[in-house]
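First the structure, which I've put down as structure tokens, then a few questions once you've had a look.
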Amino acid sequence: MVDIIIHGGQVVTPGGVGNFDIAIHGEKIVAVTDPGGLDLEADKRIDASGNIVIPGGIEPHAHIGGPRQPERSPAAPVSLAAIYGGTTTVLDFATQVPGHDLHHALGEAADRWRGNAYTDYAYHPIFTRGAEDHVIAQIGELVQDGYASFKIFTTSIRPPSPQMQDNKTDFGRLAVIMDEIEASGGILMIHSEDDDMVMYNYDHAPERDLWDWWNMHHIHSNLSEDVSFRRAIRLAEQKMCPVYFVHVSAGEGVRAVAEARAQGFPIYGETLHNYACFNAENYREEFGMKYHTYPSLKSPNDADTLWQGLLDGRLSTVATDLVSTTWEEKTRFKTVADVTGGHNGIETRVGIAYTEGVVRRGMSLQRFVDITSTNAAKIMGLYPQKGIIAAGSDADITIIDPSIKGPLALDDLHLEDYSIWEGWPIEGWPVTTLLRGNVMVEDRRLVGTPSTGQFLRRKIAPEVLARPVC
């Protein structure tokens, strides 16, 4: 006797894609067999005929709102949108506050998630500007406690303002942070831009008539990405520190990551589905600031290169860099120095990746699962508990109906009062999502509760830290 059997669907497993039956008992997958191979009774049977069955999506890069950032959407609505969109795990950030340590940051993150989670969740600690030595020294104990990834910024992103805390890490501290991470078995996430170039571009933007928001790609430029990636990679090579570059936005970043990986270094690259589908020309639209996520959209050729990187393995994951706000907040600022960054597309990530990757570009279903789930699970220390359909893994399951076609409507989505994806033509969309054996969304109807999600402790496999395995 088992709790659930899913049958009839085209199931994506590590061993291949086939018409398999999946048996679930409690929170775990207990068997994956050929059709009819399960001689078991089940409390519930889910007929997935004609549909595609994949591991629940893993969002590796989301910024959730809390008391210090009330303009950002909190955990409950974000995780609700995620679960509707087939994502079952969300990795948030725990940002150090000046004068406090990383334990304080983790406490803030726990407070905003506890009891508000339709998905499972975890956090990446972020270092603030000028992080003290005793704070950096907390890396080892936190890795032991299950916090496997840490983030730094090589830039202040924007000129000083009350809107945004300055989290820039200088390269002196970065070298020490890399030493601690390498020794502890963690991974370093880097928002990598050349701060000198970015701030020079801001300083000279008014005189160059680049102050309006649609010039963002001239401020956060391709050259800045190229120089900063290569500088960070060189330091990582010297320190033998594994690195995960967040939101790769330009062809230069793809090439820098690919060259390091070709030499066997554990360097991983993430891009965003909005970066791969839109470009800097969209900034010119009325209210075109709605497309903006830092660093910036780049050229159509850069967007094509991002897709090629996802297809051929130079890039490992697709994420959102979620910062979800209302339309009013997203469009209230109109210059390159103050436009609100972030993307509320956590619900669209899996569906858009399927439409644009599998249907329109011929991506294999296994590669699609890699970029939306499996690779994030491996890199962030959740594999094989997450990111895989196999006996013993968590029963995180997403069912995609490939027959759903047409333009996305705002009513199809569940986060905020706008979406840059409104009107986007889709071919296939998540319809049913299970989290650890709990049916959360069934036939596009919510049946789960925000008390279901759990905090995840993580440990990265040694091979992921030694060479580019995914």
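The values are calculated or read from the model by the stated rules, or taken from the named source; none is laboratory data. Predicted model only: the values in this text are computed from it and were never measured. Please note: Cβ atoms are built from the backbone with ideal geometry, for glycine as well, and neighbour counts cover all protein chains shown. Heads up: the accessible areas ignore ligands, DNA and RNA and are worked out on the full protein's heavy atoms, side chains in. Shrake-Rupley method; radii C 1.70, N 1.55, O 1.52, S 1.80 Å.
For (1) free of Cβ contacts under 8 Å to residues at least 60 places away in the same chain; (2) closer than 13 Å to residue 96 by Cα; (3) surrounded by fewer than 20 Cβ atoms within 10 Å (Cβ to Cβ), each residue gets a yes or a no:
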{"site": "137", "(1), (2), (3)": "yes, no, yes"}
{"site": "140", "(1), (2), (3)": "yes, no, yes"}
{"site": "147", "(1), (2), (3)": "no, no, no"}
{"site": "155", "(1), (2), (3)": "no, no, no"}
{"site": "158", "(1), (2), (3)": "no, no, no"}
{"site": "166", "(1), (2), (3)": "yes, yes, yes"}
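Also, I was wondering about something else. I need the full set of residues from segment 63-86 which are under 20 Å from residue 450 (Cα atoms) and touching a helix residue (DSSP H, G or I) at 6+ places or on another chain (Cβ under 7 Å), in order please.
64, 66, 74, 75, 85, 86
Oh, and also: List the strands (runs of 3 or more DSSP E) inside segment 1-74, counting only whole elements, that have at least 1 residues being open to solvent by 20 Å² or more (accessible area, probe 1.4 Å), among the aliphatic types (A, V, I, L, M) and farther than 30 Å from residue 92 by Cα.
The qualifying strands (runs of 3 or more DSSP E) are 16-18, 28-33, 42-47.
Determine if segment 430-441 includes at least one residue that is in a helix (DSSP H, G or I) and open to solvent by less than 10 Å² (accessible area, probe 1.4 Å).
The first filter runs over segment 430-441 and keeps only residues in a helix (DSSP H, G or I), leaving none.
Looking through segment 430-441, none of the residues is in a helix (DSSP H, G or I) and open to solvent by less than 10 Å² (accessible area, probe 1.4 Å).
Of the residues 400, 388, 404, which is open to solvent by less than 50 Å² (accessible area, probe 1.4 Å), free of Cβ contacts under 8 Å to residues at least 40 places away in the same chain and either in a helix (DSSP H, G or I) or among the hydrophobic types (A, V, I, L, M, F, W, C) (or both)?
On inspection, the qualifying residue turns out to be 404.
Here is a list: 345, 381, 357. Which entry is within 17 Å of residue 92 (Cα to Cα), out of contact with any Lys or Arg (no Cβ under 7 Å at 6 or more places or on another chain) and modelled with pLDDT of 95 or more?
Within the list 345, 381, 357, the selection yields 345.
Only one of (1) open to solvent by less than 10 Å² (accessible area, probe 1.4 Å); (2) outside any strand (DSSP E or B) is not met by residue 452, so which one is it?
Condition not satisfied by residue 452: (1).
Continuing with the same structure: Tell me which residues, restricted to segment 407-425, are surrounded by fewer than 15 Cβ atoms within 10 Å (Cβ to Cβ) and within 18 Å of the chain's Cα centre (by Cα). Give the derivation first.
Kept after step one, since they are surrounded by fewer than 15 Cβ atoms within 10 Å (Cβ to Cβ), are these residues of segment 407-425: 407, 409-411, 417, 422-423, 425.
Scanning segment 407-425 gives no hits.
Report, by residue number, each residue of segment 176-191 that is small (Gly, Ala, Ser) and out of contact with any Gly (no Cβ under 8 Å at 6 or more places or on another chain).
Those that are small (Gly, Ala, Ser) and out of contact with any Gly (no Cβ under 8 Å at 6 or more places or on another chain): 185, 186.
Within segment 244-270, take every residue that is part of a loop (DSSP other than H, G, I, E, B) and aliphatic (A, V, I, L, M) and give me the one that is farthest from residue 345 (Cα to Cα).
Pass one, segment 244-270, residues part of a loop (DSSP other than H, G, I, E, B): 246-250, 263-266.
Keeping just the survivors that are aliphatic (A, V, I, L, M) gives 246, 248, 250.
Details: 246: 16, 248: 17, 250: 20 Å.
Per the criteria, the residue is 250.
Counting just the residues of segment 311-342 that are loosely packed, with under 15 Cβ neighbours inside 10 Å and of a type in the set (Asp, Glu), which one comes out nearest to residue 363 (Cα to Cα)?
If we take residues in segment 311-342 being loosely packed, with under 15 Cβ neighbours inside 10 Å and of a type in the set (Asp, Glu), then 312 is nearest to residue 363 (Cα to Cα).
Also, I was wondering about something else. Among the residues in segment 172-179, are any crowded, with 22+ Cβ neighbours inside 10 Å, of a type in the set (Asp, Glu) and touching a residue at least 60 places away in the same chain (Cβ under 8 Å)?
No, there is no match, as no residue in segment 172-179 is crowded, with 22+ Cβ neighbours inside 10 Å, of a type in the set (Asp, Glu) and touching a residue at least 60 places away in the same chain (Cβ under 8 Å).
Working only within segment 79-105, note down all residues that are over 19 Å from the mean Cα position of the chain (by Cα) and aliphatic (A, V, I, L, M).
97, 102, 105
So, one more: Out of all the residues in segment 262-295, which are in contact (Cβ under 8 Å) with a residue 60 or more places away in the chain, buried (at least 21 other Cβ atoms within 10 Å of the Cβ) and under 19 Å from residue 240 (Cβ atoms)?
Selection gives 266, 267, 268.
If you don't mind, another one. Which of the numbered conditions does residue 196 fail, given that it passes all the others? Conditions: (1) buried (at least 17 other Cβ atoms within 10 Å of the Cβ); (2) over 30 Å from residue 458 (Cβ atoms).
(1)
Also, quick follow-up: If we scan segment 434-453, do we find a residue that is polar (S, T, N, Q), modelled with pLDDT of 95 or more and more than 29 Å from residue 111 (Cβ to Cβ)?
no
Name every residue in segment 236-247 that is in contact with a helix residue (DSSP H, G or I) (Cβ under 6 Å, 6 or more places away or on another chain) and either under 21 Å from residue 289 (Cα atoms) or open to solvent by 30 Å² or more (accessible area, probe 1.4 Å) (or both), in order of residue number.
239, 240
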